[in-house]
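Read-outs throughout are calculated quantities, based only on the coordinates presented, and are distinct from any laboratory measurement. These figures come from a predicted structure and were not determined experimentally. Please note: Cβ atoms are built from the backbone with ideal geometry, for glycine as well, and neighbour counts cover all protein chains shown.
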Amino acid sequence: MSKGKLKASVILITYNQETYVKETLQSILNQTYDNFEILVGDDSSKDRTQQVVKSFNDDRIKYYNTPFNMGINGNNNNVIKEATGDIICLIAGDDRLRRNYLEKIVDTFEKNKDIDVIYSQMSVIDKDGKYKESENKAYCRIPKRTIAECIHYSFYVGNFTLSPGMAFRTYLKNKIFPQEYSIINYQDYKIHIDLIAKGCKNIVLDDILVDYRIFQDERNISNLGEDTTKRQILETPFLMDAFLKIDDIQLLKEAFKQEIKQTGIEPYIDTIPFFLGQMALLAEEEPRKEWGYRTIINFLKTLDNYNLVHSRYNFSFVDLLNLIKKFKPEIYCTKYKKYKRLFNTSLSVSIILLAILISVLIFD
């Protein structure tokens, strides 16, 4: 058993996982590192999750229940403030930690004083806890990226990392928590961006330290489906707002160096919303472009900002008009034609009803 000075707070988030939470807790208790506490955040489970957790006779386990079902962010917010360790580790109530997880995480933090966040690789298990392929097969292996590359990827493509088993120094909990209660599918995605915005340095380990459970029935809230896709589209503006917190100009220049070369638009501390809006207009996905357009429009509400972008970028009303050309016309023309047909139909019905009413009044 490895002993160390750093105390780890393992945050276990669960909801209606009586079948799996025992296995998750056991994987933490079986760690080769012994200086830790387990904080179980139960999101008002309706099954026997609470009884299973409290059946463990171990004073390192602390149980917290939300006042009502609040979702992942609400559950995290409720329990993470109670952490007393030097580092915080996140795990879901149906996943498992490898036995050397804490030992590897703590050792990495101790050897890298400048590192704030650690991500590790993970494998996939099924509902019975069996490996989908092999315990040595990584699922969606996380590549090593610079902070600038993380910003660029997450701005244009998607989440640059995986959250199961992520660990960060405890001082960060008051900087990035509480998180918005209403974010559902992008809750971990946004946390990663918030960490970058705070200037946090991360490291990605090559080691597989987490077993991630995936269900065939798409029980995971992040599994792609119609509802998930719609939520992601609707949550995109709130996710993209997180990038507005980045105020490191050199970092922004490095992250968007190709786009800056393409457009000639550079970031300044007082024009970050305008700059990021312009960068978003280069995205492939329409929701990101729409966020960029709205961010620019919002920034240009005041005369001072209008004068500012004109002096910095020679931006005028003609340029504002031309922003719409960044969008795919067929998408918006289709919507317009649909609404126009609906309007014309409604107008025709109204005219017919009005004619009938007049006829009734005349011949009554």
Item to check | Pairwise centroid distance, computed over Cα atoms, of the range 238-286 with the range 134-191, Å | outcome: 20
Item to check | Whole-Hz ³J(HN,Hα) from phi, Karplus 6.51 cos²θ - 1.76 cosθ + 1.60, for the range 11-20, glycine and proline x | outcome: 8, 10, 9, 9, 7, 6, 10, 4, 6, 10
Checklist entry - For the chain, what is the percent of antiparallel DSSP beta bridges, rounded to the nearest 5? => result 25
Next on the checklist: What do you get for the angle between helix 303-313 and the principal long axis of the chain? Use alpha-carbon atoms, 0 to 90 degrees, nearest ten.
Outcome noted: 80
Next on the checklist: To the nearest 20 Debye, how big is the dipole of the range 247-326 about its Cα centre, given +1 on the beta carbon of each Lys and Arg and -1 on that of each Asp and Glu?
Outcome noted: 240
Item to check | Degrees separating the helix 226-241 axis from the principal Cα axis of the chain, which is the longest one | outcome: 90
Checklist entry - Quick one: Cα convex hull volume of the range 1-160, Å³ per residue? => result 141
Item to check | Under Karplus coefficients 6.51, -1.76 and 1.60, residue-wise ³J(HN,Hα) of the range 249-262 in Hz, glycine/proline x | outcome: 5, 5, 5, 5, 5, 6, 5, 10, 4, 5, 5, 5, 5, 6
Checklist entry - For Ser120, which sequence-distant residues (separation of 5 or more, or a different chain) have an amide H within less than 5 Å of its own amide H, given hydrogens modelled in the peptide plane? => result Leu205
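Using +1 on the beta carbon of Lys and Arg, -1 on that of Asp and Glu, and nothing else charged, what's the dipole of the chain about the Cα centre, debye to 20?
In debye, rounded to 20, the chain gives about 520.
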Item to check | Table column - 3J(HN,Hα) (Hz), the range 187-199, Karplus curve with 6.51, -1.76, 1.60, x for Gly and Pro | outcome: 5, 6, 4, 5, 4, 5, 5, 4, 5, 5, 4, 7, x
Item to check | Relative contact order (%) - criterion: Cα under 8 Å, at least six apart; region: the chain | outcome: 15
